[in-house]
């Protein structure tokens, strides 16, 4: 495929983990990349590694999505450089464990900016051109978390992931007849920097059979959005957990969540 004929995907939070894996699987599918994250050095390293394997155009944008102007700056970069975004992967995110009232408001606000506002605004900015072109693919990286009981120390993580799922459903249903697919990809435990960065050592040390690898999650996510699947729960084990959470009594599920909370809080780094 010629460079002129290639479509382009914008991926946020692409400096590690599932975001980095998304970069590779979209390249494998013949897309050019615009990848963004805070760490420019990591983006540069990933770009070089990918260009050693693939013939593609890769643009880098160093941006902190906790800043309110970040989505507009990303959009303007694409306008200024005549880059048409055909697909969007809202992958950037992190954990913010703790009791709701114990987390200061500025921390909550930054979290909501990254996990809610930036997701919605980037979609809002890039969607109209997708509609004009009759083609668009949008992935919102959600989580298994809304399908299972939330630990007492989960902060706002489950609520914002539930929002991402419902937002994905809304966009998909509104714009499906315009050639737009929007998928909420909902992985469970995935080997990335996520849980380490959140100081969740108890989770990190759970058995390997509970975990998926990031490239498998990314491949499944790409396949889901290309086929028009609105919600994907990655992996059979995670699907089983989601079904189990629906059928066991709420009192039992809450008790399990509280037990997990008591164990995990002993390991949260201060």
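The values are calculated or read from the model by the stated rules, or taken from the named source; none is laboratory data. All values derive from a computational prediction rather than experimental measurement. Note that we place each Cβ from the backbone using ideal geometry, even for glycine, and neighbour counts take in every protein chain shown.
Some values worked out for this structure:
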quantity	calculated
Residue count for the range 32-76, restricted to those that are in contact (Cβ under 8 Å) with a residue 40 or more places away in the chain, over 16 Å from residue 15 (Cβ atoms) and in contact with a strand residue (DSSP E or B) (Cβ under 8 Å, 6 or more places away or on another chain)	2
Single match in 10, 33, 50, 40 (criterion: touching a helix residue (DSSP H, G or I) at 6+ places or on another chain (Cβ under 9 Å) and more than 21 Å from residue 125 (Cα to Cα))	50
Candidates 73, 62 - the one that is in contact with a helix residue (DSSP H, G or I) (Cβ under 8 Å, 6 or more places away or on another chain) and at pLDDT 95 or above	62
Qualifying residue in the range 136-146 (condition: more than 13 Å from the chain's Cα centre (by Cα) and at pLDDT 95 or above)	yes
Considering residues of the range 152-183 that are touching a strand residue (DSSP E or B) at 6+ places or on another chain (Cβ under 7 Å) and modelled with pLDDT under 95 only, the residue nearest to residue 131 (Cα to Cα)	155
The lone exception for residue 85 - which of (1) part of a helix (DSSP H, G or I); (2) within 28 Å of residue 133 (Cβ to Cβ) it fails	(1)
Flag for residue 149 being assigned to a helix (DSSP H, G or I) and either buried (at least 17 other Cβ atoms within 10 Å of the Cβ) or modelled with pLDDT under 95 (or both)	no
Selection within the range 47-67 - assigned to a loop (DSSP other than H, G, I, E, B) and either exposed (fewer than 13 other Cβ atoms within 10 Å of the Cβ) or on the phi > 0 side of the Ramachandran plot (or both)	52, 53, 55
Residue 244 over 22 Å from residue 121 (Cα atoms), out of contact with any strand residue (DSSP E or B) (no Cβ under 7 Å at 6 or more places or on another chain), surrounded by fewer than 13 Cβ atoms within 10 Å (Cβ to Cβ) and at pLDDT below 90	yes
Verdict on residue 111 being assigned to a helix (DSSP H, G or I), over 30 Å from residue 29 (Cα atoms) and in contact with a helix residue (DSSP H, G or I) (Cβ under 8 Å, 6 or more places away or on another chain)	yes
Qualifying position, being over 18 Å from the mean Cα position of the chain (by Cα), within 22 Å of residue 230 (Cα to Cα) and without any contact (Cβ under 8 Å) to a residue 24 or more places away in the chain, among 159, 128	128
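Residue by residue, here is whether (1) modelled with pLDDT of 95 or more; (2) in a strand (DSSP E or B) holds:
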site	(1), (2)
5	no, no
23	yes, no
35	yes, yes
41	yes, no
44	yes, no
